[in-house]
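Data block below; observations after.
The values are calculated or read from the model by the stated rules, or taken from the named source; none is laboratory data. Just so you know, these numbers come straight off a predicted model, no measurement behind them. All Cβ positions, glycine included, derive from the backbone under ideal geometry; neighbour counts span all protein chains shown.
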Amino acid sequence: MSQADSATPTPAPTAPTTKDMKDIVALCKRRGFIFQASDIYDGINGFWDFGPLGTELKNNIRDLWWKAMVKCPPIGPDGNPVRIVGLDSAIIQNPKVWVASGHVSGFSDPMTDCRETKKRYRADHIYLLMLREGTIDINGKPARAFAFLQDATNDEVEKRLKKLNVPNKIIGDNNDISDVLVRTSLQNVPLNEIVAPDAKAPGSLTEPRAFNLLFETHAGAIQSEENKTYLRGETAQGIFINYKNIVDSSRVRIPFGIAQVGKAFRNEVNPRNFIFRSREFEQMEMEWFCHPDDADMWFDFWMEERKKWWLSIGVGGDDIIFRKHDVDELVFYSKKTFDVEYRFPFTAPDFGELEGIAYRADYDLTQHQKHSGTKMEYMDPDDNTKRYLPHVIEPAAGLTRGVLAVLCEAYTIDPNRPSGMYMNFHPNVAPIKAAILPLMAKDGQPEIAQKLYMELREDYMVELDIKQNIGKRYARQDEIGTPFCFTIDNDTASDNSVTVRHRNSMKQERIALDNVKNFMRENMAKMAR
Ligand code: GAP
């Protein structure tokens, strides 16, 4: 979605007939889930603000991940409870961290600008197209073929590359496509003969230049090269550089994990698809340190656990797949990687990445040991002649993308409702768990509602809504995915009962006012199963 799209006023809702991204984006704005950042200044491309309900939804997903990882991690394949400790590392670290991790040299997409149309392209996208064409036709034929590049994600282009059977030697030894294309091919590309996408004349593309995805900043008053540092490009490096501190301070023994949730920043060339690819986003990463001989066992274990977790927040079924990376798709240090992918409305019938589960071996600890001079070897406490660098399994999930998957999965078309849809949030993640709605703002109903609200708010995120007619209030609760509505009416004062409306079935039943708390406890648990 472009910046301009998102800055236009939210259109009046019309009943949706299909699960369409533009309706989901409009709902997010209308109901206060997600807004374009700097909205009143026409936005800023690639940045998003989470409104009251979006914050609640995101925090619920984050807290469930933290619970599954740190507070109540699973029982391991050996029958012992696994141990994972938490971390909250700084966003800005010594820049040497990013040199050691390879981000400074490798985390870059070479870009070329079109002087005529003022558009910017990834140079390797242009090159890939030339590979497909075989030759360069200066009479405009490539220009038409280039059109798809404007919106292609890295994944899409890489898939295309595979379809084209580009030989491995072009992808290179370390499989870093961008890097290799710059080294091997772009200097041979006759840029002055290429008609850029949407351009009329050849030769409008500038020489490609490195476009590092790390955001640069300066620590200190003087903006010099010496003071240059970076906003973290992933939360994982904070974990690796604290590995030794944690081993020395926390009585952890191999195997164990370190988990971290937090912001990451990437100056994405082409942020797109709402919050799917943004420049500021949140990750939930866990690095699992184990003996190299046990790495395969733990890899399979974490794959299964991650599958269960996504299902536990309502993302499951046919819309989620675990895709094994082909050998030529793996980054050079990874022995195997699985992507957890979700069928987003904008990728359908294909899938988009939600999480990567990677076997990173000892790559990161080796790099930091080399660059920092600090020994990272683990000494076996039962046999202190045994020292080794642990291997790492990394389930690295996007929290921001998780929110998007949950929103897309929950969005359910239903022509029988006033809004034509409802949000079928799993009760674990639903931002509001129940609404209390007095039918009329008189006859003592608001007072009863207020009392019930005061009771329920002790345990649940609940809303008391007194305004508007009841149909509109139900419609709003459907749109924000509230599992239960309790309606107080004329009879409540005399018969001490309320009507419960179930979100998914819209069925209504009468229960005792005193029983509402029990009802919530039982039904939240039932729905969560
Ligand atoms: N430490 C490994 C790592 O960072 P990654 O595949 O680059 O791996 C992990 O990122 C997850 O972070 C992705 O699966 C995705 O969910 C999320 N992510 C990455 N880039 C993103 C972006 N620009 N916008 C939103 N989420 C992103």
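Out of all the residues in region 379-394, is one or more surrounded by fewer than 21 Cβ atoms within 10 Å (Cβ to Cβ), over 30 Å from Phe47 (Cβ atoms) and at pLDDT 95 or above? Yes, that holds for at least one residue.
Does Lys29 fit the bill of being at pLDDT below 95 and surrounded by 14 or more Cβ atoms within 10 Å (Cβ to Cβ)? Break it down into steps so the answer makes sense when it comes.
Working: at pLDDT below 95: no; surrounded by 14 or more Cβ atoms within 10 Å (Cβ to Cβ): yes.
No.
Checking Ala152, Ala123, Ala90 one by one, the residue that is at pLDDT 95 or above, in contact with a helix residue (DSSP H, G or I) (Cβ under 8 Å, 6 or more places away or on another chain) and among the hydrophobic types (A, V, I, L, M, F, W, C) is Ala90 and no other.
Could we say that Arg279 is buried (at least 21 other Cβ atoms within 10 Å of the Cβ), of a type outside the set (Val, Ile, Thr) and near the ligand (Cβ under 10 Å from one of its atoms) here? Don't jump to the end; show me each part of the working.
Numbers: buried (at least 21 other Cβ atoms within 10 Å of the Cβ): no; of a type outside the set (Val, Ile, Thr): yes; near the ligand (Cβ under 10 Å from one of its atoms): yes.
No.
Can you tell me how many residues within region 350-407 are hydroxyl-bearing (Ser, Thr, Tyr), under 30 Å from Asp63 (Cβ atoms) and either part of a strand (DSSP E or B) or more than 10 Å from the ligand (Cβ to nearest atom) (or both)? Break it down stepwise before answering.
Here is the first cut: in region 350-407, the residues hydroxyl-bearing (Ser, Thr, Tyr) are 359, 363, 366, 372, 374, 378, 385, 388, 400.
Among the residues that remain, those that are also under 30 Å from Asp63 (Cβ atoms) are: 359, 400.
With the extra rule that they be either part of a strand (DSSP E or B) or more than 10 Å from the ligand (Cβ to nearest atom) (or both), the set shrinks to 359.
Looking only at that region, the number is 1.
The requirement of being more than 9 Å from the ligand (Cβ to nearest atom), surrounded by fewer than 21 Cβ atoms within 10 Å (Cβ to Cβ) and assigned to a strand (DSSP E or B) is fulfilled nowhere in region 293-304; no residue meets it. Taking region 398-422 as the range and being surrounded by fewer than 24 Cβ atoms within 10 Å (Cβ to Cβ) and among the small types (Gly, Ala, Ser) as the test, the residues that pass are Ala410, Ser419, Gly420.
Would you mind listing the strands (runs of 3 or more DSSP E) fully within region 423-529 where at least 1 residues are on the phi < 0 side of the Ramachandran plot and free of Cβ contacts under 8 Å to residues at least 12 places away in the same chain? Let's see the steps before the verdict.
Working: elements: 434-438, 462-464, 484-488, 497-502, 508-512.
So the answer is 508-512.
Restricting region 491-529 to residues that are touching a strand residue (DSSP E or B) at 6+ places or on another chain (Cβ under 7 Å) and of a type in the set (A, V, I, L, M), the residue that is nearest to Met421 (Cα to Cα) is Val500.
Among residues of region 204-230 being away from the ligand (no atom under 13 Å from the Cβ) and among the aliphatic types (A, V, I, L, M), the one that is modelled with the lowest pLDDT is Ala210. Residues that are of a type in the set (A, V, I, L, M, F, W, C) and assigned to a strand (DSSP E or B) were ranked within region 309-342; the one that is surrounded by the fewest Cβ atoms within 10 Å (Cβ to Cβ) is Ile321.
Contact map, region 69-89: first residue surrounded by 10 or more Cβ atoms within 10 Å (Cβ to Cβ), second residue of a type in the set (S, T, N, Q) and part of a loop (DSSP other than H, G, I, E, B), Cβ cut-off under 6 Å, separation 6 or more or different chains; pairs are Val85/Ser250.
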